[in-house]
Amino acid sequence: MIGWTLQQWQAAYRSGDLTPVQAMKQLAMHLHDSERALWIHLLDESSLVAQAGALTDPSLPLYGIPFAVKDNIDVAGIPTTAACPAFAYTPEEDATVVRLLREAGAIVVGKTNLDQFATGLVGVRSPYGEVPNPFNPDYVSGGSSSGSGTAVSLGLVPFTLGTDTAGSGRVPASFTNTVGLKPTRGAISTKGVVPACRTLDCVSVFALNIDDAQTIYEIAGQFDEHDAYSRPAPARQASGLPARPKLGIPNVLPWFGDAQAKALWEQQLESIQAIADLVPLDTMVLEDAAALLYQGPWVAERFTVTESLLQTQPDAVLPVIRNILEPAADLKAADSFRAQYQLAELKREADALLSQVDALLLPTTPGIYTRAAVSDDPITLNSQLGTWTNFVNLLDLCALALPGGFRADGLPAGVTLVGDAWQDHALAEFGRRWQQHQPWQAGATGQALPAPAHRAANDDGSDFITVAVVGAHLTGMPLNSQLTERNAVLLEATHTAPRYRLYALANTVPPKPGLIRNPKDGGDSIPIELWQMPVEHFGSFVGLIPAPLGIGSLETVDGRWVKGFICEPWAIDDATDITALGGWRNYIAKLKQEGAL
């Protein structure tokens, strides 16, 4: 079970070879043999078995799945410390995100270590010990969610919860070879989370692969009326990036002397060009926004959490944290307004920058440091790690940190996709393409990950379904109104996988094509459009489709599976093979040129 993904846990339970109670008894041994600095609170076997024994519904989506929680997120009955013993309190109820996951059948195994008060990107600022990097203990594991990222990397649990204000859900992912999902601000409730900067904080998810991170996001991403900063998701969200997206990359990158980080980034750019177009951009506006995070109102926000403690027990707060927070006591209200005015201007510039591309592709960090180096220069090195993370929440963006291969010294490094707010599903869909193109191992376990699952239309539980059209329903074609009348939205133009042939069916009005997969004489990539339709209108749309056509599953050129038009094979006996013409539009143009239309 070490290094298992959600899919592997679920398969073990379905097979009947394992029950949650048996699993928790086995897992307890591994947990208690693990690095102690990972944990602030680790539950014993009896507590794990009690949770497992209380489960009665095997159909729950997270039935019997173990997970860990960063110790600035409340779990009922377990002290929340934020890595400061003097601050500790014992909550009577779960944080909203924990409650949703437990209601889905998940089992809490413990609370993970962190940089104190979630202030730091290094993972060494804790009185409970420094969390060593799972690939080389001389190096930092990243913070502030150090324990959460490392617990997943070691395969102890398939997912954990972290938080992310300035990169705390992404930097540990880079240093532990895991996925770090930093959702749109407000998508996951922060009720029951000790604030760092309440206006910016996000609950993040660490997992071994994208499918698992997305599963947790879909369960936990619920609007919470009891959280003033919770935001309802918009009615329409893009489900994917274009077939070959334009990804913006910085035209100037500071590496702070880390030649291995630079070399691996350049290697990854060469690889990713097989599935995306890279667009160099002047990203100075992002760096300017990042510099604001430890100025003005946002440091003052952090100060509000610890103000009483700093006044009454200053020694309870680590010196490096005090050095960051105490200057906020001298800030004036005018300083805060000036910083917010500056951020508004930078936000406008950043929006214009992102409008040029489909998403940004960035190195998660400009390098990695030894624990000794961070001890010698804690402020400068920590700041450098936030070069490509600090601006994301300030500018109301979402991000997905992905494994980016290994350096020459064997340490992992990561890449991060950054998109506009509520582009979470689109980033994840492209992340699956990246994992298919360049598979990565399961954290630090050395085990290969299962290939990403093909996700057909609407299997993400959303209120929309993606439909591929190939002929008379294309934009500008006679039946396109059947889509638009049902509030369908064009997502992208792409192609099928090179395993299809296209036929002009006989005696159809208006003319209609038939798409057939894998005929004996080979296939080709056929142009299609992907449309996103509200599920409530899908039934009436399907009811308009005449035989021999129907709706089935189509494979796109980049490996996705979507619902789309298919044709019964018998209908091609008197049809015309038009595959060589390169799509339905070209066929219609040919008919018009010949005067047949």
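The values are calculated or read from the model by the stated rules, or taken from the named source; none is laboratory data. Please read all numbers here as calculations on a predicted model, not as lab measurements. Methodologically, a virtual Cβ is constructed for each residue, glycine included, from the backbone with ideal geometry; neighbour enumeration extends over all protein chains shown. For accessibility, only protein heavy atoms count, side chains too; no ligands or nucleic acids. Shrake-Rupley method; radii C 1.70, N 1.55, O 1.52, S 1.80 Å.
Of everything in region 169-207 that is touching a Cys at 6+ places or on another chain (Cβ under 9 Å) and polar (S, T, N, Q), the residue that is most open to solvent (accessible area, probe 1.4 Å) is T190. Take the residues in region 575-597 that are part of a loop (DSSP other than H, G, I, E, B) and touching a strand residue (DSSP E or B) at 6+ places or on another chain (Cβ under 8 Å); name whichever of them is surrounded by the fewest Cβ atoms within 10 Å (Cβ to Cβ). So the residue we want is G582.
Scanning region 460-513 for residues that are assigned to a loop (DSSP other than H, G, I, E, B), touching a residue at least 60 places away in the same chain (Cβ under 8 Å) and among the hydroxyl-bearing types (S, T, Y) gives a single hit, S462. Scanning region 351-380 for residues that are in a helix (DSSP H, G or I) and under 22 Å from the mean Cα position of the chain (by Cα) yields D351, L353, L354. Figure legend. Inter-residue proximity from region 559-574: first residues over 18 Å from P511 (Cβ atoms) and open to solvent by less than 40 Å² (accessible area, probe 1.4 Å), second residues not hydroxyl-bearing (S, T, Y) and not in a strand (DSSP E or B), beta-carbon distance below 6 Å, spacing 6+ or different chains. Indicated pairs: G559/Q436; V562/A457. Kindly evaluate I65 against the criterion of being open to solvent by 40 Å² or more (accessible area, probe 1.4 Å), touching a residue at least 60 places away in the same chain (Cβ under 8 Å) and of a type in the set (V, I, T). Against the criterion (open to solvent by 40 Å² or more (accessible area, probe 1.4 Å), touching a residue at least 60 places away in the same chain (Cβ under 8 Å) and of a type in the set (V, I, T)), I65 does not qualify.
Select from region 520-550 the residues that are within 30 Å of the chain's Cα centre (by Cα), of a type in the set (A, V, I, L, M, F, W, C) and open to solvent by 20 Å² or more (accessible area, probe 1.4 Å) and list them in ascending order. V535, F538, listed by residue number. For G155, are the conditions met, namely being on the phi > 0 side of the Ramachandran plot, modelled with pLDDT of 95 or more and open to solvent by 20 Å² or more (accessible area, probe 1.4 Å)? No: the conditions fail for G155. When the residues of region 1-26 are filtered to those that are surrounded by fewer than 21 Cβ atoms within 10 Å (Cβ to Cβ) and under 30 Å from P127 (Cα atoms), the one that is nearest to the chain's Cα centre (by Cα) is I2. Against the condition open to solvent by less than 60 Å² (accessible area, probe 1.4 Å) and either among the polar types (S, T, N, Q) or closer than 17 Å to P250 by Cα (or both), how does Q340 come out, does it pass? Answer is no for this residue. Of all residues in region 122-145, none satisfies being outside any strand (DSSP E or B), polar (S, T, N, Q), out of contact with any Gly (no Cβ under 9 Å at 6 or more places or on another chain) and open to solvent by less than 10 Å² (accessible area, probe 1.4 Å).
For P172, state whether it is in contact (Cβ under 8 Å) with a residue 24 or more places away in the chain and out of contact with any helix residue (DSSP H, G or I) (no Cβ under 6 Å at 6 or more places or on another chain). Here the answer is no, as P172 does not meet what is asked.
The set of residues from region 305-350 being in contact (Cβ under 8 Å) with a residue 60 or more places away in the chain and either in a helix (DSSP H, G or I) or not aliphatic (A, V, I, L, M) (or both) comprises V305, T306, L309, Q313, A316, V320, I321, I324, L325, L346, E349, A350.
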